[in-house]
Amino acid sequence: MGKHIIEEASRCLQCKRPLCTKGCPISTPVNKMVKALLDGDMQRAGELLFMNNPLSVVCSLICPHENFCEGHCILGRKSSPVQVSDIENYVSRYYLDQYQPSQPQNKNNGKRIAIIGSGPAGISVAFILASQGFAVTIFESEEKIGGVLQYGIPDFRLPKDILEKIKKRLLKLGVKIRPNTLIGPVISIDDLFRDEYQAVFIGTGVWNPRPLRLKGETLGHVHYAINYLKNPDVYTLGKKVAVIGAGNVAMDVARTALRKGAEEVTILYRRGEEDISATKYEYEYAKLDGVKFKFYTSPLEIEDTRVLCAKTQKVEDEQGKTRLETIAGVEEYFEANSVFVAVSQTPRGNLSGLQVGKTGLVITDEEGRTTREGVFASGDVVTGARTVVEAVNCSKRSAQSILEYIESNAS
């Protein structure tokens, strides 16, 4: 075991009321896991993580820990917090390599559950229900499982061999996977119920890029960030790249573009540094990689070799409220060979028979029940783009709702 991991684990104070657990959206039992690790029971430590969060190994790499467990660690008040992410990654990787599941034989065998989408939400529900004995089938529109983990997060942040290991464990649990199958155009939810699926879970994420509706947005050198991340190698970007937006996706695109040969990548953002929606770590890593930033810069029009931008500023009104306004008459051109639009995403909207909101997000109650009986949903398709750990937490509630629904129908 690495010395660093032992030292970090030994720093844990074993708080009776661990703030790290309270600060985690999925209530990861950090102190119990650390104790098991230091007691020499790696299997128990890994089990505590996995049973609480089937995607613990993923979250250990891409969670904004500074906002959750590490950000709430009591040691962080006077020094540095325990590096929970490093410990979690070490233990989770070990456990996933050792984990050899098998489907239990019980009354749930043969009862079909359909899962639409194999992102964080779908994978979580699949693990939970398959381990209860259900016959789970995942319908994935792409060729590989993972959703945003596979096609929306670069390899340098999340090695894809982890997803292959997760897939193998799902298959061992008896989960069937139908790749390249988009539910909606050919197979409908009605078809799934016709074929005696007892419940349907939707975890399709948000894959439609939100357009800016600017003049020039259809030009050949303009691309949507979420599409680029699916396969960056098919794009020819040129030397200078502009990225419009300042969320985590924008950071991922900017860092990827530099790794794929762009000489200069600049993020254009209409607000200030203090307002960016990307996590602190992603912003800092982007700067380390050489990404440049132009704040208070709002694109107005995209041309063949440049972007016309207005300058913005914050203004405080008489009530002390701050608003953003465009500075009249102050415009500038930003030279760019390629332009990326990275200002959020919405659901595809290929499923019918469900009530959705104005932005296309599926409407559910707090337990993941949609407006159609027997159909459940959680993750980004319900909440909009959030963190993986939040998607897993919501999906655990949805899985429990599915169990209760099937149980009530059986009685």
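Structural remarks
- Rel. contact order, % - alpha carbon contacts under 8 angstrom, at least six apart, the chain: 15
- Here the dipole of the chain is about 740 debye; that uses its Cα centre as origin and unit charges on the Cβ of Lys and Arg (positive) and Asp and Glu (negative).
- Each Lys and Arg Cβ is given +1 and each Asp and Glu Cβ -1; about its Cα centre, segment 278-351 then shows a dipole of about 300 debye.
- Approximate shape of segment 134-250 as ellipsoid semi-axes (Cα gyration tensor, √5λ), whole Å, largest first: 33, 19, 11
- Bridge type composition, the chain - antiparallel percent by DSSP, nearest 5: 35
- Only helical runs count toward this figure. For the chain, summing -39,500 (n - 2.57) over DSSP H runs of n ≥ 4 and dividing by all residues gives -10500 deg cm²/dmol at 222 nm.
- Dividing the Cα radius of gyration of segment 236-345 by 2.2 N^0.38 Å, with N the residue count, gives 1.09.
- Acute angle (nearest 10 degrees) that the helix 120-130 long axis makes with the longest principal axis of the chain, alpha-carbon atoms: 0
- Protection proxy ranking of 25-37, 168-180, by the mean of other Cβ atoms within 10 Å over each peptide's residues and highest first, is 25-37, 168-180.
- Ligands, DNA and RNA left out, the 1.4 Å accessible surface of the chain is 47% carbon and sulfur atoms.
- Entry for segment 246-305 at q = 0.14, 0.24 Å⁻¹: log10 I(q)/I(0) = -0.38, -1.02, Debye formula applied to identical alpha-carbon scatterers, no solvent contribution.
- Computed log₁₀ I(q)/I(0) - Debye formula, equal Cα scatterers, no solvent, the chain, q 0.06, 0.12 Å⁻¹: -0.28, -1.05
- Solvent exposure of segment 241-385 amounts to 50 Å² per residue of accessible area, where only protein heavy atoms count and the probe is 1.4 Å.
- 1.4 Å probe accessible area per residue over segment 132-195, in Å²: 45
- Using alpha-carbon coordinates, inclination of helix 388-410 to the longest axis of the chain, degrees: 40
- Measuring between their Cα centroids, segment 390-411 and segment 1-35 lie 29 Å from each other.
- Cα centroids of segment 212-285 and segment 121-150: 30 Å apart.
- Anisotropy class of segment 355-411 from Cα gyration tensor, a/c 1.5 cut: oblate
- Taking a ≥ b ≥ c as the square roots of the eigenvalues of the alpha-carbon gyration tensor, segment 1-126 is classed prolate because a/c is 1.5 or more and a/b outweighs b/c.
- Within the listed set Lys311, Lys78, Lys167, the residue fluctuating most in the Gaussian network model of the chain (springs between alpha-carbon atoms under 10 angstrom) is Lys78.
- Principal-axis tilt of helix 84-98 within the chain, Cα atoms, nearest 10 degrees: 50
The values are calculated or read from the model by the stated rules, or taken from the named source; none is laboratory data. Computed from a prediction, not measured in an experiment: that's the story for all the values here. Here the Cβ is made from the backbone with ideal geometry for all residues, glycine too, and neighbour counts use every protein chain on show. Note: areas computed on protein heavy atoms with side chains; ligands, DNA, RNA excluded. Shrake-Rupley method; radii C 1.70, N 1.55, O 1.52, S 1.80 Å.
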